[in-house]
Amino acid sequence: MVNYLKSLCAFIMSLLLFGCIDNEKKEYADAANIPVSKEMIAELTAPPNVPTPVGRRKAKKLIVNMEILEQEGTMTDGTTYNYWTFGGSVPGSFIRTRVGDEVEFTLSNHPDNKLPHNIDLHAVTGPGGGATSSFVAPGHEKTFNFKTINPGLYVYHCATAPVGMHIANGMYGLILVEPEGGLPPVDKEYYIMQGDFYTKGENGEPGLQAFDMQKAVDEDADYVVFNGKVGALTGDNAITANVGETVRLYVGNGGPNLVSSFHVIGEIFDKVMVEGGSTINENVQTTLVPAGGAAIVEFRIDVPGTFILVDHSIFRAFNKGALGMLKVEGEENKKIYSGVVQEGIYHPEGGGIQDMPEDDNQKAKVVSSDKSLAEKMEAGKKVYMQTCFACHQAEGQGIPNAFPPLAKSDYLNADVRRAIEIVLKGKAGEITVNGEKYNSVMTRQAISNEEIADVLTYVYNSWDNNKTNVTKSQVDAVKNGH
Amino acid sequence: MQTIQRLTLYTFTLLFMLTGHCQSKMVAIKGGTYIPLYGRDSLKVTISDFEMDVYPVTNKAFLEFVLKYPKWQRSQVKKLFADGNYLIDWDSDTKLNQSQSLDAPVTNISWFAAKDYCECQGKRLATIDEWEYVAMANKTMPDARQLESYNKYILGWYEKPKTFNNAIGSTFKNYWNVYDLHGLVWEWTLDFNSVLVSGESRKDVDKDNNLFCGSAAVGATDLMNYAAFMRYAIRGSLKAKYAMKNLGFRCVKDIVE
Amino acid sequence: MKTLKSILSLFIVALSFTSCHFSDSKKSNNDLVLYQCPMKCEGDKTFDHAGNCSVCKMDLKALAETSLTELNHNGISDESIFNLTSTWHTEENEIIQLEDLKGKTLVMVMIYTTCKAACPRLVADMRNIEAKIPKENMKDLRFILVSIDPETDTPDRLKAFAKENFMDGKQWTFLQGTQSSVREFANVLAVKYKQISPMDFSHSNIISVFNSGGELIHQQEGLGVDNKETLQAIHDLINKN
């Protein structure tokens, strides 16, 4: 009897338990119908950090308080710029929400500011993305509400005229709307946003730089940077991770003009949420982040080292500042990447520049002093070893069926002028040397007339050739078409 | 002899005090026609001759005003006419803050207060068209809007922080001998609420017949005139009872023939 | 006895699990916090617990301590438009001050009679609102149309306009001011306007509702907008009196 009672109680309890849990897991086909419970003040973070993931929390009424500050900051060493910011940073604070949240958004314009501003969040479904309801003068604030009905990573920016100028001065940031249940957890998450800046002075010019409207219209950027300034993510500011961890980067592009070709040197993106939406691409090297758009990239770190984040429109990375660093520590994995395994000497074809044969005249070069035969031999030998050796070999023997010999060469000895011409202009087509046919290409040698005289003297005075002393004036004559 | 001297001295001081207090220096502006940024169907606007204050109204002048008219003191002003930012930086109703200078332009005053101040002196606020007409001059030309250096100067000021603490007369004297129209503070105008921008600037280039009757006139005449754009944007964001740290005013007077 | 105890304790535990089903709706109301719909859909109605507004479904907001609007010696609060001392001409050629309208709920709009575009629609919006007010409440209500073109819209012109538009009843009042008083009035209502040609004005289309003390309670912006909230605001004000 007792046992029966006990099992009955257990049964009833389990029913109630399951009933309770089931009620929490309703699926909503239309995100607009997701109910919210309780209030929560949104945690806003400055780049490159992001707020805590939403995990499995229910949709809430989320209170976001965003302040606009116009303040001077450093663009690069010695150069400062007046930034207009959301929350005091460029890009602005990262807002993290989940689908179904009802956001109460208060935009405050600090009284010291000069200009009115507003905000357009791409996550908002409604006129202007909120811009019509948030136009606010300095010393005032405005509140409006919106519900996040689409998951994804979205840009927000100021939309007050002239819009380009407000965005160009740094008024952009990212708002993440996580799907039901949150994004899959990873070890490290970072917030990176690219922007282009237009200054009156050139890149690197010192002092306080003003915004240049004409350059912005011409899309001629002076600085293209991650997180608002050169070096925001390098050196001590680099983002970090450990071997074996998965890293997720929320990559935005505030523009105002340029599209980013985002790439991490030395890593491949295992997953890319293309344009911050729901399509997932895998095994991607470089992903496009549109101006006013975003992307989420994920990758697992396998080897240690410093991985460079760049906009692969490469002059922007190395000349305008679109460069960041991810410093990884941990155990090496020589199988995946071994580093230098072996070093050695390599003999290339020589220092002379190789060009295809052509007929045009080259410009005459400066005349130099006369040399003795011994001097010429020595100089010529040097030139030979640098320029001719690779094909004609150390003793002028050439390579059978490939390159004709210079040693005891009937072809060579028959016509000095022709030899000079070949060195000057190259030769293509079939020739017969010492009874053998050779049909190959000799590139013209970009060496000076004096060097040609020296090397030909050396060749003619070696290996049983006819001991002609080729002078520079002879070479000049051939060169000038005599 | 001595009494005459004394008398003249007294009358002069009296006159000086009177002029120093109630009437600030004004200059005559010769009227003309021009096309403003937001005009009337892109047509020219005609300005009649008028007089304009050389400088914006100072803290000193406004202090005298609230002493004379206590209804404009911070604790007594009606909420209809001024919001919470009205004279917020002053230490008390009748005392400035230590960091504020008597010669700096008065700011954090609402349109209603500015309007009343001008009216007490027999003057009025300038209309936007009048203000812009005088402001488009640089040091030597009455209309410098096409000059790059002129626009550069103004856009540069927009980025300079905290200019409201500078004394009047600290910027350049323009063609009309008027100072500080650029480079110091924004200024209230009589009809600032005729700027029909909704703040959603991407829409403001389109006719929004729903929000604004006759909004075909919303389009700006010169899209490259960013300096003027920003002034109109500020005007569009204001409400008459707002008080702003970077917003002051000056008065003008019609010339009665 | 022991088994009974264990059964009882099991039941208690089970009950506590089921209560998680109602986790958020029943909060203990130890503190007397009042909640109100932020859009005031049901006017000034307050609730003693959090939840959703039954009209617009928004979350109820906790009210801070209510501040009583101070009344000055006239009985007019600081925020009342009756603080404006300008004089106006009505379409009947009477001279009034705004304070003379005290005591009734006011629905006000700014128009001008030569308007071809939005004003006819704005006028129609006003008429729609008027039509939806029950007849017996009309005595507590006044519809005021203020002209932004005082030079053209003389009292005679206003009277003619009223007749043309079937707005000649006692509940309709048209006002002519001066350039200055009209500008001042518009600024109180946050109405923007600009003369764009001798005959035409650009102006924002806003219908404003004031209580009997002249305080601004509600504004409706745009043309042909759903006037449900405006009607609700008027309804609440009338019933409060």
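Only one residue in A:Pro35, A:Pro53 is more than 14 Å from chain C (Cβ to nearest Cβ) and either modelled with pLDDT of 75 or more or farther than 22 Å from A:Glu178 by Cβ (or both). Which one?
Matching residue, one of A:Pro35, A:Pro53: A:Pro53.
Answer with yes or no whether A:Val99 is touching a residue at least 40 places away in the same chain (Cβ under 8 Å), more than 25 Å from the chain's Cα centre (by Cα) and within 12 Å of another protein chain (Cβ to nearest Cβ).
Against the criterion (touching a residue at least 40 places away in the same chain (Cβ under 8 Å), more than 25 Å from the chain's Cα centre (by Cα) and within 12 Å of another protein chain (Cβ to nearest Cβ)), A:Val99 does not qualify.
Of (1) away from every other protein chain (no Cβ under 14 Å); (2) more than 20 Å from the chain's Cα centre (by Cα), A:Cys158 satisfies all except one. Which?
Against the list (1) away from every other protein chain (no Cβ under 14 Å); (2) more than 20 Å from the chain's Cα centre (by Cα), A:Cys158 comes up short only on (1).
So, of the residues in the stretch B:217-233 that are in contact with a strand residue (DSSP E or B) (Cβ under 8 Å, 6 or more places away or on another chain) and either within 14 Å of chain C (Cβ to nearest Cβ) or modelled with pLDDT of 90 or more (or both), which turns out to be surrounded by the fewest Cβ atoms within 10 Å (Cβ to Cβ)?
B:Ala217
If we scan the stretch A:354-373, do we find a residue that is surrounded by fewer than 13 Cβ atoms within 10 Å (Cβ to Cβ), at pLDDT 90 or above and aliphatic (A, V, I, L, M)?
The answer is no; no qualifying residue exists.
Cβ-Cβ below 9 Å, separation at least six or inter-chain, first residue in the stretch C:215-231 and over 26 Å from C:Leu98 (Cα atoms), second modelled with pLDDT of 85 or more and buried (at least 16 other Cβ atoms within 10 Å of the Cβ): which pairs?
Within 9 Å, the pairs are C:Val225/C:Ile207.
In the set C:Gly213, C:Gly224, C:Gly169, which member is facing another protein chain (nearest Cβ under 9 Å) and at pLDDT below 90?
Within the list C:Gly213, C:Gly224, C:Gly169, the selection yields C:Gly224.
Can you name every one of the strands (runs of 3 or more DSSP E) wholly within the stretch A:257-313 that holds 3 or more residues which are under 22 Å from A:Leu183 (Cβ atoms)? Walk me through how you get there before you give the answer.
On the way: elements: A:260-265, A:269-273, A:280-284, A:286-289, A:293-300, A:305-311.
Fully inside the stretch A:257-313 and qualifying: A:260-265, A:269-273, A:280-284, A:286-289, A:293-300.
Take the conditions of a type in the set (A, V, I, L, M) and under 13 Å from the mean Cα position of the chain (by Cα) and apply them to C:Ile207. Does it pass?
In short, yes.
What do you reckon, is C:Ile206 touching a helix residue (DSSP H, G or I) at 6+ places or on another chain (Cβ under 6 Å) and surrounded by fewer than 22 Cβ atoms within 10 Å (Cβ to Cβ)? Lay out the reasoning, then the answer.
Working: touching a helix residue (DSSP H, G or I) at 6+ places or on another chain (Cβ under 6 Å): no; surrounded by fewer than 22 Cβ atoms within 10 Å (Cβ to Cβ): yes.
Answer is no for this residue.
What tally of residues in the stretch A:232-254 results from selecting those that are within 23 Å of A:Glu72 (Cβ to Cβ) and in contact with a strand residue (DSSP E or B) (Cβ under 7 Å, 6 or more places away or on another chain)?
4
Answer yes or no as to whether B:Ile128 is under 24 Å from A:Asn113 (Cα atoms), away from chain A (no Cβ under 14 Å) and among the β-branched types (Val, Ile, Thr).
Yes, satisfied.
State all residues of the stretch A:117-154 that are facing chain B (nearest Cβ under 7 Å) and in a loop (DSSP other than H, G, I, E, B); if no residue qualifies, say none.
Matches in the stretch A:117-154: A:Asn118, A:Ala131, A:Thr132, A:Phe135, A:Ala137, A:Pro138, A:Gly139.
Considering every residue within the stretch B:34-48, establish whether at least one is closer than 17 Å to B:Tyr117 by Cβ and more than 14 Å from every other protein chain (Cβ to nearest Cβ).
Within the stretch B:34-48, none of the residues are closer than 17 Å to B:Tyr117 by Cβ and more than 14 Å from every other protein chain (Cβ to nearest Cβ).
Could you run through the stretch A:436-452 and say how many residues are without any contact (Cβ under 8 Å) to a residue 40 or more places away in the chain and of a type in the set (D, E, K, R)?
2
Within the stretch A:381-428, count every residue that is free of Cβ contacts under 8 Å to residues at least 12 places away in the same chain, within 22 Å of A:Val475 (Cβ to Cβ) and assigned to a loop (DSSP other than H, G, I, E, B).
Residues meeting the conditions: 1.
Could you please let me know if A:Gly126 is closer than 30 Å to B:Leu184 by Cα, surrounded by fewer than 23 Cβ atoms within 10 Å (Cβ to Cβ), small (Gly, Ala, Ser) and at pLDDT below 95?
No.
Inside the stretch B:54-78, can you point out the residues that are buried (at least 16 other Cβ atoms within 10 Å of the Cβ) and without any contact (Cβ under 8 Å) to a residue 24 or more places away in the chain?
Residues satisfying the conditions are B:Gln73, B:Arg74, B:Lys78.
Pick from the stretch A:105-116 the residues that are crowded, with 21+ Cβ neighbours inside 10 Å and in a strand (DSSP E or B): which of them is nearest to the other protein chains (Cβ to nearest Cβ)?
Out of the qualifying residues, it is A:Asn109.
Every residue in the stretch C:181-198 that is facing another protein chain (nearest Cβ under 7 Å), surrounded by fewer than 22 Cβ atoms within 10 Å (Cβ to Cβ) and part of a loop (DSSP other than H, G, I, E, B), please.
C:Ala190
Pull out all pairs, ordered by first then second residue, where Cβ-Cβ is under 6 Å, the residues are six or more apart or on different chains, the first lies in the stretch A:196-218 and is more than 13 Å from chain B (Cβ to nearest Cβ) and over 24 Å from A:Gly252 (Cα atoms), and the second is polar (S, T, N, Q) and crowded, with 19+ Cβ neighbours inside 10 Å.
Every condition considered, the pairs that remain are A:Pro206/A:Thr79.
Please determine whether any residue of the stretch B:83-97 is within 14 Å of chain C (Cβ to nearest Cβ), touching a residue at least 40 places away in the same chain (Cβ under 8 Å), in contact with a Ser or Thr (Cβ under 9 Å, 6 or more places away or on another chain) and farther than 15 Å from B:Gly248 by Cβ.
yes
Among the residues of the stretch A:206-234, which ones are of a type in the set (D, E, K, R) and either within 22 Å of A:Ala294 (Cβ to Cβ) or at pLDDT 90 or above (or both)?
A:Lys215, A:Asp218, A:Glu219, A:Asp220, A:Asp222, A:Lys229 - these are the residues of the stretch A:206-234 that are of a type in the set (D, E, K, R) and either within 22 Å of A:Ala294 (Cβ to Cβ) or at pLDDT 90 or above (or both).
Confirm whether B:Thr163 is at pLDDT below 90, within 14 Å of chain A (Cβ to nearest Cβ) and within 16 Å of the chain's Cα centre (by Cα).
Answer is yes for this residue.
The values are calculated or read from the model by the stated rules, or taken from the named source; none is laboratory data. Quick caveat: nothing in here was measured; it's all calculated off a predicted structure. Please note: Cβ atoms are built from the backbone with ideal geometry, for glycine as well, and neighbour counts cover all protein chains shown.
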